[in-house]
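A short write-up of the structure that comes next.
The values are calculated or read from the model by the stated rules, or taken from the named source; none is laboratory data. Because the structure is predicted, anything quoted here is derived from the model rather than measured. Cβ coordinates were reconstructed from backbone atoms using ideal geometry, including for glycine residues, and neighbour counts include every protein chain displayed. Remember, those area values only see protein heavy atoms, side chains included, never the ligands or the DNA or RNA. Shrake-Rupley method; radii C 1.70, N 1.55, O 1.52, S 1.80 Å.
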Amino acid sequence: AYTRSWAPGVLKMSLDGTWLFRFTQQEEPDAPAQQLLNTQNNPINLKMRGALSWQQRRWGGTLGINFQNHYVDTVSEPNRPIGAYTTFDTQLRYELTPFGNSILANTRLELNAINVLNRSPPFLNNAIAHIGYDQENADPYGRLVSLQVRKTW
């Protein structure tokens, strides 16, 4: 994370990620361990989220990017590659009254959009759930827009 303050406001940048080296399953004590990392319905080796946020007095905004690595559909014959998946999120916010004793003190309005570009998850012929995506690593909802009112006490 990095934060920079100057006259026009505060800029924050962050990058978070997870890297898994292996994910195995052993069905019986004497059975060999089976590598499941980067296969359908199992963890993916690399997931990351970056965010750029700006705040100036009462106004603020955030742009986020989410990434998950490609993986392999091992159920289909022949095995098929499943593409990487990247989505963008955004938030605009406004503090109604940052100070004071009114009922609106410490109240914030937020307009949020998840998956702004309405990107569909990569196709997976999911034989387990009989759906066209990997329910463990993606969701079919597409763009979600919400308006929130937050009041802190």
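The figures follow:
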{"item": "Residues that are within 17 Å of Thr74 (Cβ to Cβ), in a loop (DSSP other than H, G, I, E, B) and open to solvent by less than 70 Å² (accessible area, probe 1.4 Å), drawn from the stretch 110-131", "result": "Pro122, Leu124, Ala127, Ala129"}
{"item": "Selected residue (criterion: least open to solvent (accessible area, probe 1.4 Å)) from residues of the stretch 132-147 that are more than 19 Å from Gly50 (Cα to Cα) and in contact (Cβ under 8 Å) with a residue 40 or more places away in the chain", "result": "Asp134"}
{"item": "Residue check, Asn66 assigned to a loop (DSSP other than H, G, I, E, B), surrounded by 14 or more Cβ atoms within 10 Å (Cβ to Cβ) and within 21 Å of the chain's Cα centre (by Cα)", "result": "no"}
{"item": "Meets criteria (at pLDDT below 95, open to solvent by less than 30 Å² (accessible area, probe 1.4 Å) and more than 21 Å from Met13 (Cβ to Cβ)) for Gln35", "result": "no"}
{"item": "Output for the stretch 1-11, where each listed residue is of a type in the set (A, V, I, L, M) and open to solvent by less than 80 Å² (accessible area, probe 1.4 Å)", "result": "Val10, Leu11"}
{"item": "Residues satisfying the stated conditions in the stretch 38-63, i.e. in a strand (DSSP E or B) and either aliphatic (A, V, I, L, M) or open to solvent by 80 Å² or more (accessible area, probe 1.4 Å) (or both)", "result": "Leu46, Met48, Arg49, Ala51, Leu52, Trp54, Trp59, Leu63"}
{"item": "Test result for Val75, more than 21 Å from the chain's Cα centre (by Cα), under 28 Å from Pro140 (Cβ atoms), aliphatic (A, V, I, L, M) and open to solvent by 30 Å² or more (accessible area, probe 1.4 Å)", "result": "yes"}
{"item": "Residue in the stretch 12-25 that is of a type in the set (A, V, I, L, M), modelled with pLDDT of 95 or more, surrounded by 10 or more Cβ atoms within 10 Å (Cβ to Cβ) and part of a loop (DSSP other than H, G, I, E, B) present", "result": "yes"}
